[in-house]
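Participant: Have a look at this one before I ask anything.
Any read-out appearing in this document is the output of simple, stated calculations on the displayed coordinates, not a laboratory observation. Predicted model, so just to flag it, every value in this text is computed and none were measured. Every residue, glycine among them, receives a Cβ derived from its backbone with ideal geometry; neighbour counts consider all protein chains shown.
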Amino acid sequence: MNNVPHVLIVEDDPDMSRVLTHLFRRRGYQAVSTRDVHAALATATRSAPDAVVLDLRLAADSGLSLIRPLRAINPAMKILVLTGYASIRTAVDAIKLAKARSLEHLKWKHIMRVLADHGGNISATARALRMHRRTLQRQLTAKTDASSQAMLATLRQRAARRRRRSLADGQRH
């Protein structure tokens, strides 16, 4: 198994791209560079990087447009935004994008933990989270994370077995 961290460098300046790639490789990282938004997404989709060094200005595109799609590929991915043209507004936008995704991920982990604590019972989980059951159901249905879907399927199977056992016990008495 390869435990070498994978870094994607998204930089449209060829010299800067070459220097960054070389520096990361010298420090033991598996570094790959791309020069535009489309190539970056294709590369990240093929092999989800652990970290991304992202130029804010990529020819006609904004590097900020990559943050959400990259986070969808790997929510734990570290993203470093570099630029020589930054304004305070773009820095604030970058920070908001990063924080929003982190908070969403933490909220989802909390929901899954409470759901597991309640044995997959959505109504009990909704009560514990102080939210409407239908709202929770919609959020659980909309989430596409593979590990979360697997956990939900397991919890639903357990709940179905408990219901069958409960019905069987009721018929015996």
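Participant: For ALA48 and ARG130, FRET efficiency with R0 = 35 Å and r from the beta-carbon atoms, rounded to 0.05?
Facilitator: After rounding to 0.05, the efficiency reads 0.50.
Participant: Sequence-distant or interchain residues sharing an amide H contact under 5 Å with SER33, placed H: which?
Facilitator: ILE9
Participant: Please give the helix 146-172 orientation as an angle from the longest Cα principal axis of the chain, in degrees from 0 to 90, rounded to the nearest 10.
Facilitator: 0
Participant: From the Cα gyration tensor of region 6-86, with a ≥ b ≥ c the square roots of its eigenvalues, which class applies: rounded if a/c is under 1.5, or else prolate if a/b is larger than b/c, or else oblate?
Facilitator: Here region 6-86 falls in the oblate category.
Participant: Which number gives the lysine pairs in the chain that have C-alpha atoms under 13 Å apart and are eight or more places apart or on different chains?
Facilitator: 4
Participant: With the crude spin-label approximation of a point 7 Å out along Cα→Cβ, what separation in nm comes out for ARG18 versus LEU82?
Facilitator: Spacing of the two 7 Å Cα→Cβ label points: 1.5 nm.
Participant: Another one. Using 7 Å Cα-to-Cβ label points, what is the MET151/ALA60 separation (nm, one decimal)?
Facilitator: If labels sit at MET151 and ALA60, their model points lie 4.2 nm apart.
Participant: Further, regarding this structure: Could you pull out the trypsin sites (Lys or Arg not before Pro) across region 1-77 that fall in loop regions by DSSP (anything but H, G, I, E, B) with no more than 12 other Cβ atoms inside 10 Å?
Facilitator: ARG27
Participant: Okay, moving on. Taking only Cα atoms, what is the 0 to 90° angle, nearest 10, from helix 37-46's long axis to the longest principal axis of the chain?
Facilitator: For helix 37-46, the angle is close to 50 degrees.
Participant: Can you tell me the 0 to 90 degree angle between the C-alpha axis of helix 14-26 and the longest principal axis of the chain, rounded to 10?
Facilitator: Compared with the principal axis, the helix lies near 60 degrees.
Participant: Let's see if you can work this out: charge +1 on each Lys and Arg Cβ, -1 on each Asp and Glu Cβ, no other charges. What is the dipole magnitude of the chain about its Cα centre, in debye to the nearest 20?
Facilitator: Details: 31 positive and 13 negative charges, 322 e Å.
For this selection, approximately 1540 debye.
Participant: Further question on the same structure: Under the rule of at least 5 residues apart or a separate chain, name every residue whose amide H is placed under 5 Å from the amide H of LYS78.
Facilitator: ALA51, VAL52
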